[in-house]
Structures are given as C-alpha cells and as structure tokens.
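The values are calculated or read from the model by the stated rules, or taken from the named source; none is laboratory data. Quantities reported herein were computed from a predicted structural model and do not represent experimental measurements. When we count neighbours, we look across all protein chains shown, and the Cβ atoms used for this are built from the backbone with ideal geometry, even at glycine.
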Amino acid sequence: MPLHIEVITPERRVYEDDVDMVIAPGSEGYLGILPHHAPLLTALGPGEFRVKKGGSEEVLAVFGGFMDVREGRVTVLTEAAEHVEEIDVRRAQEARDRARAALEAAAPMSAEDIQRAQAALQRALVRIRVSERRHRRRGE
Ligand code: ATP
C-alpha cells in the first residue's frame, strides 16, 4: 500500500503523489512516515521534506504549517513550499542579507519587525541549506 501525499500552500498544490516514505521536519525533530503509520497531527518546523519513491528521492523545503497523517494519506498545509529544483538561491541569499542588515541596523525596530526579519532570515537559511545539500549530493 503506498502513501498518498499532498503538499498544499495558499497559492498552489506543490506536490501530490503515491510514495513509499516521507521524512518530515516535525517541530520536535524529523519524523519518518511509512504506510500504516498511526494517525498523527503535528506542527512542522521549517526544513527539508524528503519523499522516497522506488529508490529515488525528492526534496522539498517547507516552512512551518501542519502535517496530518491518517489512513495512508499525508496532507501538509504550509505557508510556503518549494521543490529543491525551484529554489532560487540568489533570491534566498538576497533575502538573507536583507534580513541580517535589518536586524543589525542601528535604527530601532518594533518587536513585530524583529520577528518578521527573524522569520525571513530563517526561511532564507533553510532555502540555502536545502539547495546546497542537493548540490553536494549531486556531486557525489
Ligand atoms: P523574498 O523576500 O525573496 O520574497 P520570502 O521568504 O519573503 O522571500 P515567502 O514569503 O516565504 O518569501 O514566499 C513567497 C513566495 O515566494 C512563495 O510562493 C515561495 O514559495 C516563493 N519563494 C520565496 N523565496 C523563494 C526562493 N528563493 N526561490 C523560490 N521561490 C521562493
């Protein structure tokens, strides 16, 4: 029995397929999900979402949200998700530098702005890390 997986953001369905296994960035650490996994509802942290199917692996970056596992279905609802191939590394580097500059600037920032910049920095760092890992793997 395969595992049916859907990854959905407010903008689009990023991924949908029948797969063998999912490794998801749970808020408390990475979780492996096989078919027949017990029902589970968990928050996701930002990180690498790996999908294994017939000896190949797909990698997505996901940014928070929730994962629902039940009866052979995995549904991920997340603010943003990208296939590793879709990640624009230069854009992520620019977002990282912008967020760091805002956080390091002498100008006072509201708590809300600090939180926003920290979240943007975290998203950018995940994008850069996920895409670097893929290039390392490819180089093997
Ligand atoms: P930026 O400041 O570059 O817009 P962001 O972290 O603010 O980055 P998000 O709010 O996380 O962007 O995402 C907005 C949309 O842009 C989402 O659809 C997301 O998938 C996409 N996106 C953001 N950054 C990248 C990237 N580096 N490569 C590909 N898609 C991206």
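Structure notes:
- Residues (assigned to a strand (DSSP E or B) and of a type in the set (S, T, N, Q)) located in segment 7-21: none
- Residue in segment 108-119 that is surrounded by fewer than 15 Cβ atoms within 10 Å (Cβ to Cβ), more than 10 Å from the ligand (Cβ to nearest atom) and under 20 Å from Asp17 (Cα atoms) present: no
- Out of His4, His36, sole residue that is surrounded by fewer than 16 Cβ atoms within 10 Å (Cβ to Cβ), part of a strand (DSSP E or B) and over 11 Å from the mean Cα position of the chain (by Cα): His4
Residues are listed down the side, and each one gets a yes or a no for (1) more than 16 Å from the ligand (Cβ to nearest atom); (2) in the same structural domain as Gln122 (by TED's automatic domain parsing); (3) part of a strand (DSSP E or B):
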| site | (1), (2), (3) |
| --- | --- |
| Ile23 | yes, no, yes |
| Ala43 | yes, no, yes |
| Val59 | no, no, yes |
| Met67 | yes, no, yes |
| Val74 | yes, no, yes |
| Arg96 | no, yes, no |
| Arg100 | no, yes, no |
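- Take the conditions (1) out of contact with any Asp or Glu (no Cβ under 6 Å at 6 or more places or on another chain); (2) free of Cβ contacts under 8 Å to residues at least 60 places away in the same chain; Gly64 misses just one of them, which is (1).
- Qualifying residue in segment 102-119 (condition: closer than 25 Å to Ala24 by Cα and in contact (Cβ under 8 Å) with a residue 40 or more places away in the chain): no
- Within segment 80-101, residues that are under 18 Å from Gly45 (Cα atoms) reach partners that are among the acidic types (Asp, Glu) and more than 8 Å from the ligand (Cβ to nearest atom) with beta carbons closer than 9 Å, at six or more positions or on different chains, in the pairs His83/Glu58; Val84/Glu48; Val84/Glu58.
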